[in-house]
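Before any comments, here is the structure.
The values are calculated or read from the model by the stated rules, or taken from the named source; none is laboratory data. This one's a predicted model, so the numbers in the text were calculated from it and none came from an experiment. We place every Cβ from the backbone using ideal geometry, glycine too, and count neighbours over all the protein chains shown. Quick note on the areas: whole protein, heavy atoms, side chains included, nothing else; ligands and nucleic acids left out. Shrake-Rupley method; radii C 1.70, N 1.55, O 1.52, S 1.80 Å.
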Amino acid sequence: MRRIIEMDTVQIETTNACVLQCGNCTRFCGHHRKPYMMSREQFTQAVDSMIGFPQMVGLMGGEPLLHPEFEWMCEYALSKLGREHLGLWTVLPQKYAHYRDTICKTFKHIFINDHTRPDIYHAPLLVSAKEVYEKLYPTDPKRAKSEMWQMIDRCWIQNSWSACINPHGAFFCEVAGAFSMLLGGPMGWPVEPGWWMRIPKDYREQMETWCTGCGAALPLKRRSSQDERDDVSPMNLERLRACGSRKEKQNLYQISDLQMVQNPEPMAAYKDTNWRNKIAGRYGMFLTINENRFWEPHLMPKWDGTADGSRNLFAEYAEAYKGGR
């Protein structure tokens with residue numbers, strides 16, 4: 001487990017509304033419950049709490065561009081944290097290209113993923129690690145618990161993704177925060193200055209609450225994001241029913257066999273710059289790799305408002321950018 005200050009990003013989860021309904025979504029979007037929208041008060045508290053954090057602060061969803069206060073949020077975050085410390089996670093949905101200037105002015109870093117590729121897979125977060133290990137060692141609960149926690153302590157999400165803030169508070173892991181919003185609590189830590197100075201020994205209560213019911217740390221079969229169903233373990237299915245999940249009522253789930261696999265599907269080809277530049281082109285933007293090895297958005301100088309930006313000039317613009325023109 002990493003200290004939060006060692007993470008390259010802490011995410012502010014402004015909404016879990018989304019234009020997509022991906023299978024095994026890491027934010028449980030897709031009609032589980034009515035989506036939330038962060039209030040101005042919650043957002044200012046979140047941003048103010050991150051002043052002094054040395055790495056990146058991300059705006060994420062769901063789809064953050066769907067928040068009706070998106071432009072105000074950008075303006076406030078920029079005034080408090082500066083462009084160098086801000087990132088945006090988005091699918092760049094249709095009909096929001098008027099945000100292009102705001103995006104390029106506000107965010108030094110952008111992560112674009114519209115899930116249109118068939119090779120993007122999501123881990124089955126709603127498959128409980130506790131249930132998997134109880135099935136694996138039905139007569140040896142001590143071994144089941146020990147091996148489960150060994151896997152959780154090495155979870156790839158906590159070791160490569162982000163801590164987060166959402167309307168329920170601050171969390172050591174973005175998926176733990178998403179579980180809290182899905183299931184109606186328990187709440188996270190108070191959103192106050194320096195909350196991100198916590199270290200792994202401070203995570204234990206949140207880990208015991210959320211990690212045992214999550215399947216991220218385990219080598220389980222993954223599902224294409226284009227499949228709208230979620231993989232669910234029996235215990236988590238009951239939890240979804242208890243919280244009134246509309247996705248459960250629509251039978252958009254599959255009961256897991258609780259079997260670990262040797263080689264889970266790779267998550268995605270995340271380094272495909274050409275693919276992401278085509279998405280950025282819908283907004284008249286192009287991408288370069290900045291000194292932090294993240295994509296950085298820039299405005300196309302010749303964009304005429306069409307889907308591909310006059311012509312597919314991404315390489316030309318990137319070359320001109322490198323040359324300082």
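Details
- Across segment 136-145, not a single residue is classified as touching a Ser or Thr at 6+ places or on another chain (Cβ under 7 Å), open to solvent by less than 30 Å² (accessible area, probe 1.4 Å) and among the small types (G, A, S).
- Any chance P93 is farther than 30 Å from R223 by Cα, assigned to a loop (DSSP other than H, G, I, E, B) and out of contact with any Phe, Trp or Tyr (no Cβ under 9 Å at 6 or more places or on another chain): no
- Test: K135 is of a type outside the set (D, E) and in contact (Cβ under 8 Å) with a residue 12 or more places away in the chain: yes
- Flag for F28 being over 30 Å from Y253 (Cβ atoms) and open to solvent by less than 40 Å² (accessible area, probe 1.4 Å): no
- Counted as qualifying within segment 198-272 are no helices (runs of 4 or more DSSP H), as none has 3 or more residues that are charged (D, E, K, R) and either buried (at least 19 other Cβ atoms within 10 Å of the Cβ) or in contact with a helix residue (DSSP H, G or I) (Cβ under 8 Å, 6 or more places away or on another chain) (or both).
- Taking the criterion of being surrounded by 15 or more Cβ atoms within 10 Å (Cβ to Cβ), closer than 27 Å to K95 by Cβ and among the hydroxyl-bearing types (S, T, Y), the residues of segment 36-81 that qualify are Y36, Y76.
- Hits in segment 105-135 - residues which are among the hydrophobic types (A, V, I, L, M, F, W, C) and open to solvent by less than 30 Å² (accessible area, probe 1.4 Å): F107, I110, I112, I120, A123, L125, L126, V127, A129, V132
- Subset of segment 1-60 (residues that are in a strand (DSSP E or B) and within 22 Å of H109 (Cβ to Cβ)): T9, V10, Q11, I12, E13, T15, M56, V57, G58, L59, M60
- In segment 85-101, the residues that are open to solvent by 60 Å² or more (accessible area, probe 1.4 Å) reach residues that are of a type in the set (K, R) with C-beta atoms within less than 8 angstrom, at least six apart or across chains, in these pairs: H85/K108; Q94/R282.
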